[in-house]
Amino acid sequence: MPASNASDEFDDVRKSLDSHRGCLHRRYRRYPSSWLVPTSSSQLSGHFSYQKDKNSSANSNFMVVLSVHGATRKTLLKIRGFSEVKVEKIKEAIQKCQPSASGFITAMELGHQRKRVVKISTGSKQFDSILAGGFQSMSISEVYGEFRCGKTQLSHTMSVMAQLPKDMGGAEGKVAYIDTEGTFRPERIAQIAERFGVDPDSALENIAYARALNSEHQLELLNTLSKEFVGGEYRLLIIDSIMNCFRVDYCGRGELADRQQKLNQFLMKLAHMAEEFNVCVLMVCTSKNRESLTLLGIHAYPTTQTNQVQSDPGASALFAGADGRKPVGGHILAHASTTRVLLRKGRGDERVAKIQDSPDCPEREAIYVITNGGINDPDKI
């Protein structure tokens, strides 16, 4: 179609969504317009009736055009006031505005898009080396392991690292922290901040903290964060731990299918947010021994949440590590993560991080320690 017509369609899309969410009409400087067009009320106004759809759009949790494009027609039809005709018009308008999001692109174009990826240091140079520089944005990373391996301490350390300049291994951004176990400690953030010469009060101000009470609340917190992430100031989202609320809310074999379905929806939302807002998602999870889980008919696995493990004495080397450990969460959690790292105890105060799955890095190990200043190299004690 002519460039002028495409431009007109693009303007119609912006007007409509901006009018529904005028409050989101703010900073989009970090996102290329082709990737992130804010879906406030002005963006699809040619396809919405302004007053009638204002509240519906505001409650839909679609913050950017890419979010609307990624939603199924079934999902969009659940929004009050959205008919099949309206949904088709919206989809058609988005395809005209963003043709690259609707079909194939060249590998060269994908390479240009991935230049936006930032890497956040773990605080340990050895740990960073096996990750090729740190955990990446635009993806979900998973760490799992038994207790006292440093999963939560890694989360605290990265909460500070993400705020540092890029030449120090940071991402120059804010952090969102969803705590399901009540293990977040501001005092630890202050200690770690002092190690890197960061004002403790400033570091704490740049961390948005929320205590998740149940699995439904956990999803609601994600929807709330979507609105905050549009501004482009956040670079790290930590969930410690991802499975805790789901395992409490869905008990026994009879509810396993429902739990995994809800978990899958939650993880898909996380993956979309990571890509749409160029955020690094770090997940942590909990562990159970094999015997107690078997009684419930549950078999477990991990994510870049901090994911914990279950002990599996009967596990073969094919399906578990040499020590028989498996992460909690099932196949759904395992397939959702881009990078999976196993944390385990080493000799004395040493801890070992091992890459279990990654599209970028080979399987390898690194040794780290937990200090007052967070995760560090053994020679820094």
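No value in this document is a laboratory result; all are computed from the given coordinates. Everything quoted here is computed from the prediction, not taken from an experiment. Cβ sites come from the backbone with ideal geometry, for glycine too, and all protein chains shown count toward neighbours.
Which parts of the stretch 337-381 would a label at Glu194 reach, counting a residue when its backbone N lies under 11 Å from a point 7 Å out along Cα-to-Cβ?
Within reach of a label on Glu194, which here means backbone N under 11 Å from a point 7 Å along Cα→Cβ, the stretch 337-381 contributes 372-373.
Which residues' amide hydrogens lie under 5 Å from the amide hydrogen of Val118, considering only partners 5 or more residues apart or on another chain, with H built in the peptide plane?
Ser137
Of the lysine pairs in the stretch 83-210, how many meet both conditions: Cα atoms under 16 Å apart, and a spacing of 8 or more in sequence or different chains?
6
In whole Hz, with x marking every Gly and Pro, tabulate ³J(HN,Hα) for the stretch 365-381 from phi via Karplus 6.51 cos²θ - 1.76 cosθ + 1.60, θ = phi - 60°.
10, 9, 9, 9, 9, 9, 10, 4, x, x, 5, 8, 7, x, 6, 9, 5
Give the long-range amide H neighbours of Cys280: residues separated by 5 or more places, or on another chain, with amide H under 5 Å away, using H modelled in the peptide plane at 1.01 Å from N.
Amide H neighbours of Cys280, under 5 Å, 5+ apart: Met138, Leu236, Leu237.
For the modelled label position 7 Å from the Cα of Asp258 along Cα-to-Cβ, which residues of the stretch 213-237 have backbone nitrogen atoms closer than 19 Å?
213-220
With a Förster radius of 22 Å, plug the Cβ-Cβ distance of Thr106 and Lys166 into 1/(1 + (r/R0)^6) and report the FRET value to the nearest 0.05.
E(calc), rounded to 0.05, equals 0.20.
With N denoting the number of residues in the stretch 196-235, provide Rg(C-alpha) divided by 2.2 N^0.38 Å, to two decimal places.
1.44
For Val85, Val160, which order do you get if you count the other beta carbons within 10 Å of each Cβ and list the fewest first?
With the sparsest Cβ surroundings first, the list reads Val85, Val160.
Spelling out what I want: for every residue of the stretch 136-150, take phi, set θ = phi - 60°, compute 6.51 cos²θ - 1.76 cosθ + 1.60 (Karplus), and round to whole Hz; glycine and proline get x.
Values, residue by residue: 8, 7, 6, 7, 9, 10, 10, 10, 9, x, 6, 5, 6, 9, x Hz.
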